[in-house]
Amino acid sequence: MFKKPCHGYITSLYDKARKNPVTGRVQPHWGTDYGSHSDNAIIAAAAGKVRIAVNSASGFGKYVIITHDNGWETVYAHLSVINVSAGQRVGQGQKIGVKGTTGNSTGVHLHFEISKGKWSNKYTQHVNSALYIDDPDVRRLQTMLNQLGHKVAVDGLYGDGAIKAVNTYQKANKLIADGVAGNATMVSVERSVQSMQAVKPTAPIAPSKKEEKLLELSQTQKVELANVYKHARGKGVFSSAEHEADVKSGKITQDKAIFLNGLIAGAALNGGNRIK
């Protein structure tokens with residue numbers, strides 16, 4: 001796995017049918033473009049030896065090619081500054097240059113390529129570099145898309161799943177639907193997540209239940225209360241069926257005991273004894 005060679009969002013993907021933004025002709029794009037950032041430093045994606053570090057008249061402008069220990073090569077093009085020289089050994093993460101817009105370029109960015117062997121303009125060994133880099137910005141994008149209901153693997157690789165999810169999001173939000181999550185799309189996704197979190201309903205707070213102490217009724221109290229209910233029913237006075245059931249069971253809460261004591265006192269039966 002290679003390390004992301006710079007900061008910044010992807011602005012253009014590996015695409016064999018891409019239209020050249022300068023000429024307008026269909027011309028394969030053999031690498032991944034990373035847009036401008038507050039920190040435009042470029043680092044070696046893996047350890048290796050610098051094979052080429054030149055300011056050319058080709059479409060690459062100022063560019064660097066590094067040969068890695070496994071024989072693969074990486075290309076860094078359109079640089080404004082080159083900080084290494086041919087033959088120099090570099091470690092992974094070492095600064096090798098600064099993004100620019102030299103060569104065939106329409107704005108400050110890094111054009112990055114990976115070849116499974118010595119690079120050549122035949123492009124026979126080129127691979128999609130976005131599938132060989134665990135990009136933290138892509139990982140964050142994938143996480144946010146999942147929060148918004150899209151199902152995409154969170155692996156930091158900008159593959160078909162990410163492209164499809166981004167394209168779907170762009171269409172739904174009236175953005176340019178090209179499947180590339182550049183600055184405009186990333187800002188929109190971030191705002192969508194923030195809006196969703198702002199209106200997310202909170203779980204209702206369950207009302208607290210009052211703990212009530214159960215009182216045990218004596219046999220005498222049960223008889224007294226039974227007589228109270230008999231008298232209340234005979235006189236047409238309101239009595240609670242719930243309370244009467246509690247009396248028959250022999251257990252009652254303190255609040256209900258206070259209510260029933262009132263009935264006993266009012267009926268003045270059997271000496272009007274109170275529940276204590």
*Amide H neighbours of Thr102 under 5 Å, at least 5 residues apart or on other chains, H built in the peptide plane: list them.*
Lys62, Leu79
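Within 9 Å, Cβ to Cβ, of Lys118, how many net charges do the neighbouring residues add up to if Lys/Arg are +1 and Asp/Glu are -1? Mind showing how you got there, number by number?
Values: positive: Arg51; negative: Glu73.
With Lys, Arg at +1 and Asp, Glu at -1, the neighbours total 0.
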*asked:* Quick one: 3J(HN,Hα) in Hz for the stretch 117-127, Karplus 6.51/-1.76/1.60 with θ = phi - 60°, rounded, Gly and Pro as x.
replied: x, 5, 5, 8, 6, 7, 6, 6, 10, 6, 10
*Per residue of the stretch 100-106, in order, report the coupling 6.51 cos²θ - 1.76 cosθ + 1.60 (Karplus, θ = phi - 60°) as ³J(HN,Hα) in whole Hz, putting x for Gly and Pro.*
x, 9, 6, x, 7, 9, 10
*asked:* Using amide H atoms built in the peptide plane, which far-off residues or other-chain residues are under 5 Å from His126 H to H?
replied: Lys116
*Looking at this model, which pairs from Lys49/Lys164; Lys3/Lys62; Lys49/Lys122; Lys4/Lys49 are more than 25 angstrom apart at the alpha-carbon?*
Lys49/Lys164
_Counting only other residues whose beta carbon sits under 12 Å from that of Asp15, what net charge do I get with K and R as +1, D and E as -1?_
+1
_Spelling out what I want: for every residue of the stretch 62-70, take phi, set θ = phi - 60°, compute 6.51 cos²θ - 1.76 cosθ + 1.60 (Karplus), and round to whole Hz; glycine and proline get x._
7, 8, 10, 10, 10, 9, 9, 5, 8
*With Cβ to Cβ distances under 13 Å as the rule, what net charge do the other residues near Trp30 carry (K, R +1; D, E -1)?*
0
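None of the figures in this text is laboratory data; all of them are computed from the coordinates on show. Quick caveat: nothing in here was measured; it's all calculated off a predicted structure. Glycine gets a Cβ as well: all are built from the backbone with ideal geometry, and neighbour counts include every protein chain shown.
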